[in-house]
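Values in this text are rule-based calculations from the coordinates and carry no lab data. In this text the structure is predicted, and so the values were computed from the model without any measurement. Note: ideal-geometry Cβ built from the backbone for every residue, glycine included; neighbour counts use all protein chains shown.
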Amino acid sequence: MEGLAHILRTITLVKEKLNPSLAVEGVVLTMFDGRTSLAAQVKSEVQGHLGGQVMQAIIPRNVTNY
């Protein structure tokens, strides 16, 4: 969540200073481990803050089985 806050702040600064038409297409959850309650909490919070900008595709933490 902290990293997401930083990147959103950076995007806001870039919009203000360099490119007012900049828009975020969406957010992809990465390093996601669906077995942990922390991951579920983070996913829920991100969806609560960003709503429809959260992509349905999720990149798991362990991709060796895919």
Of all GluC sites (Glu not before Pro) in the chain, the ones in DSSP coil with at most 11 other Cβ atoms within 10 Å are GLU25
Computed, not fitted: 222 nm per-residue ellipticity of the chain from DSSP H runs ≥ 4 (each -39500 (n - 2.57)), nearest 500, equal to -15000 deg cm²/dmol
Helix 37-50 sits off the longest principal axis of the Cα atoms of the chain, rounded to the nearest 10 on a 0 to 90 degree scale, by 30 degrees
Per its Cα gyration tensor (rounded if a/c is under 1.5, else prolate when a/b beats b/c, else oblate), the chain is best filed as prolate
The set of residues whose placed amide H lies less than 5 Å from the amide H of VAL54, leaving out same-chain residues fewer than 5 positions away, is VAL27
Residue by residue through the range 25-31, the couplings from Karplus 6.51 cos²θ - 1.76 cosθ + 1.60 with θ = phi - 60°, in Hz, x for Gly and Pro, are 6, x, 10, 10, 6, 10, 6
Treating only Lys and Arg (+1) and Asp and Glu (-1) as charged, each at its beta carbon, one finds that the chain has a dipole about its Cα centre, in Debye to the nearest 20, of 40 debye
If one compares the long axis through the Cα atoms of helix 2-17 with the longest principal axis of the Cα atoms of the chain, the angle in degrees, nearest 10, works out at 20 degrees
